[in-house]
Amino acid sequence: MVLYSPQALDDFDDIFEGLLHWHKIELSDQFTIDYVDELKKQCESISSMQIHLSTTYPDHKRFGKKVHRYRRNLNTTWYIIYDIDDENNIYINKIMSNYLTVEEQE
């Protein structure tokens with residue numbers, strides 16, 4: 001089962017609003033809806049994965065122990081940061097892009 005923290009739900013809203021009002025290019029409402037839906041599908045797919053990568057960036061470690069990388073295009077990678085409980089439930093804590101990730105490792 002995949003569960004979402006209040007922060008992750010806010011992240012979906014922020015991503016939607018950010019894309020809808022992006023100053024570089026005008027995106028349609030439908031494109032924006034589909035984009036966020038694809039992010040949600042990526043989150044839902046985590047429960048069926050056999051391998052779960054550990055977080056490495058300090059920015060990510062603040063939000064969880066595991067990370068799923070979703071490469072949207074050549075320029076954008078989304079990091080879905082989560083934890084797994086004893087019953088193998090996935091708890092999505094944070095969704096952030098490579099543009100917000102500090103690449104310094106501990």
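The values are calculated or read from the model by the stated rules, or taken from the named source; none is laboratory data. Note that the coordinates shown come from a computational prediction; the quantities given were computed from them, not determined experimentally. A quick note on method: Cβ atoms are made from the backbone with ideal geometry, for glycine too, and the neighbour counts reach across all protein chains shown.
State all residues of the stretch 1-28 that are in a loop (DSSP other than H, G, I, E, B) and under 13 Å from the mean Cα position of the chain (by Cα); if no residue qualifies, say none.
SER5
Pairs please, first residue from the stretch 1-25 and under 23 Å from TYR91 (Cα atoms) and surrounded by 11 or more Cβ atoms within 10 Å (Cβ to Cβ), second anywhere and modelled with pLDDT of 95 or more and of a type in the set (D, E, K, R), Cβ atoms under 8 Å, 6+ apart in sequence or on different chains.
VAL2/GLU44; SER5/LYS94; GLN7/LYS94; ALA8/LYS94; ASP11/LYS94; PHE12/LYS40
Within the stretch 71-85, can you find the residues that are surrounded by 14 or more Cβ atoms within 10 Å (Cβ to Cβ) and not charged (D, E, K, R)?
Those that are surrounded by 14 or more Cβ atoms within 10 Å (Cβ to Cβ) and not charged (D, E, K, R): THR77, TRP78, TYR79, ILE80, ILE81, TYR82, ILE84.
If you go through the stretch 50-70 one residue at a time, how many are surrounded by fewer than 17 Cβ atoms within 10 Å (Cβ to Cβ) and in contact with a strand residue (DSSP E or B) (Cβ under 6 Å, 6 or more places away or on another chain)?
Qualifying residue count, the stretch 50-70: 4.
For (1) farther than 18 Å from ASP13 by Cα; (2) more than 10 Å from the chain's Cα centre (by Cα); (3) in a strand (DSSP E or B), each residue gets a yes or a no:
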site	(1), (2), (3)
GLN30	no, yes, no
TYR35	no, yes, no
LYS40	no, no, no
SER47	yes, yes, no
ASN75	yes, yes, no
ASP86	yes, yes, no
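The conditions are (1) hydroxyl-bearing (Ser, Thr, Tyr); (2) farther than 24 Å from PHE16 by Cβ; (3) out of contact with any helix residue (DSSP H, G or I) (no Cβ under 6 Å at 6 or more places or on another chain), and SER47 fails exactly one of them. Which is it?
(2)
With the structure loaded, tell me whether ILE80 is touching a helix residue (DSSP H, G or I) at 6+ places or on another chain (Cβ under 9 Å), among the aliphatic types (A, V, I, L, M) and within 16 Å of LEU3 (Cα to Cα) or whether it fails that test.
Criteria met by ILE80.
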